[in-house]
Amino acid sequence: MNAAVVHSFDAPPRYETFADPIPQADEILVTVTAAGLHPIVKSLAKGTHYGSTGQLPFVPGVDGVGRTPDGVRVLFGSSRPPYGTFAKRSITRRSMCTPLPDALDDAIVAAMINPAMSSWAALAHRAHFVSGENILILGATGCSGHLAVQIARRFGARRIVAVGRNPRALEETKSLGADATILLNQDRDGLVSAFRDEISNNKIDVILDYLWGPPAEALLAAVVQKGLDHESRRLRYIQIGNSAGPNLSLHAATLRSSGLELIGSGFGSVSMDKIFESLRAVLQEAAKQPFRIKLAAAPLRDVEKLWNSHEHARLVFQP
Ligand SMILES: NC(=O)c1ccc[n+]([C@@H]2O[C@H](COP(=O)([O-])OP(=O)(O)OC[C@H]3O[C@@H](n4cnc5c(N)ncnc54)[C@H](OP(=O)(O)O)[C@@H]3O)[C@@H](O)[C@H]2O)c1
């Protein structure tokens, strides 16, 4: 079959032939129609993601849209390396398949499902978000952040604060449902003060963090409380992505002086059952009222050329 194939952690995958997957007892074959180039797909192909097996060669792609042997159109997750979703055919388990509502187009589902799941799973299963709470989204300018703003609104958030470095994409969050924005490109004191104002005066309950690194350090500096007799409100900080860096320095007083609760959300910290529950909820919600997402579709044969292109849209490959 034709597939994208990763041969080296230092180079984009090549479009070539790869052995067809043969389903095992609990697996089914899926004919793929669309698969999204999400950040996790790239970091697995670089070998830097915690989910990387270190084995080469393999077909990239963690999720996709396709048809089962009985003709059902499904969203599915790839189940067994070296077979991913960037191929004509892939394999999955029945438990990792969910039928698609007619209203949703293959490419749109492939583009939105991973970024939408990131905030849905975080809010539903890690933050246990309650309608009426206030939320700050650190890294609101990417695909996941733009969807997080829309999903926070549908969860009934009272105030949504969007934070990012790209002024145009940050401005767009206002039309997606953000009440306020904070631009990261400003001096550190101004930034910490803007964060402190939101956290303390506007009473942020939940932070969704797609960045980590220096922007998260500035945000956490705003969480520290001074004095000995204050009583701090609970603040659930959900770590989702690390677009700005994999590490940060955390002062011990940040945790002791505040109501900060540091929680992660992703594969491993959210069970596969809860991830699929979130995916189904996203699909249902999108079928009722579509989410806004920028996507660019391309044939899979162009994968090597487009792998490192910097589109401000989610790339979707179609075999
Ligand atoms: N845990 C999960 O369930 C889950 C699921 C999906 C995604 N994620 C993670 O979440 C992160 C974002 O994903 P995404 O889908 O939104 O990716 P994306 O669409 O590629 O967007 C990345 C965004 O991050 C911004 N960015 C990059 N470096 C930055 C920096 N140093 N400071 C500030 N902003 C920076 C980019 O801004 P510019 O436009 O200025 O370049 C862009 O807006 C990734 O780390 C991804 O792996 C996690």
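Computing the accessible area with a 1.4 Å probe over protein heavy atoms, can you report the carbon and sulfur percentage for the chain?
50
Taking the Cα centre of the range 242-316 as origin, work out the dipole magnitude from +1 charges on Lys and Arg Cβ and -1 charges on Asp and Glu Cβ, in debye rounded to 20.
Around 180 debye, computed over the range 242-316.
So, for the chain, what is the accessible surface per residue at a probe of 1.4 Å, expressed in square angstrom?
Numbers: 14530 Å² over 319 residues.
Value for the chain: 46 Å² per residue.
How large are Rg and Dmax for the range 114-264 when calculated on the C-alpha trace, in angstrom?
Answer for the range 114-264, Rg first and Dmax second: 14.0, 43 Å.
For the range 18-96, what percent of Cα pairs sit more than 15 Å apart?
Value for the range 18-96: 50 percent of Cα pairs lie more than 15 Å apart.
So what's the back-of-envelope 222 nm ellipticity for the chain, counting only DSSP H runs of four-plus at -39500 (n - 2.57) apiece and dividing by all residues, rounded to 500?
-8500 deg cm²/dmol
Using r as the Cβ-Cβ distance of ASN2 and ALA287, and R0 as 35 Å, what FRET efficiency do you calculate, to the nearest 0.05? Intermediate results must be reported in sequence, preceding the final value.
Numbers: r = 31 Å, r/R0 = 0.89.
So the FRET efficiency works out to roughly 0.70.
Restricting the calculation to Cα positions, tell me the Rg (one decimal) and the Dmax (whole number) of the chain in Å.
Calculated on Cα positions, Rg and Dmax stand at 20.2, 67 Å.
Excluding LYS274 itself, calculate the net charge of residues whose Cβ lies under 14 Å from the Cβ of LYS274, where each Lys or Arg counts +1 and each Asp or Glu counts -1.
Once all neighbours under 14 Å are counted, the net charge is 0.
Take every DSSP beta bridge with both residues inside the chain and express the antiparallel ones as a percent of the total, to the nearest 5. Walk me through the numbers before you get to the answer.
Values: 25 of 53 bridges.
That works out to approximately 45 percent antiparallel.
Per q in 0.22 Å⁻¹, report the Debye log10 I(q)/I(0) for the range 202-319, using one uniform scatterer on each alpha carbon and no solvent.
-1.25
Stick to Cα atoms and the Kirkwood definition of Rh, then tell me Rg/Rh for the range 1-56. It would help to have the intermediate numbers written out before the result.
Working: Rg = 12.7 Å, Rh = 13.0 Å.
Across the range 1-56, the Cα-based Rg/Rh ratio is 0.98.
With the calculation restricted to Cα positions, what are the radius of gyration and Dmax of the range 255-319 in angstrom?
Cα-based Rg and Dmax for the range 255-319 come out at 17.8, 54 Å.
Tally Lys and Arg at +1 and Asp and Glu at -1 over the other residues with C-beta under 14 Å from the C-beta of ASP10: what net charge comes out?
+2
Which one of ILE22, THR254, ILE135 has its Cα pushed farthest toward the positive end of the charge dipole of the chain, where Lys and Arg give +1 and Asp and Glu give -1 at the Cβ?
Positive-most Cα among the choices belongs to ILE135.
The values are calculated or read from the model by the stated rules, or taken from the named source; none is laboratory data. Computed from a predicted structure; not experimentally measured. Backbone-built Cβ (ideal geometry, glycine too); neighbour counts: all protein chains shown. SASA here: full protein model, heavy atoms, side chains in, ligands and nucleic acids out. Shrake-Rupley method; radii C 1.70, N 1.55, O 1.52, S 1.80 Å.
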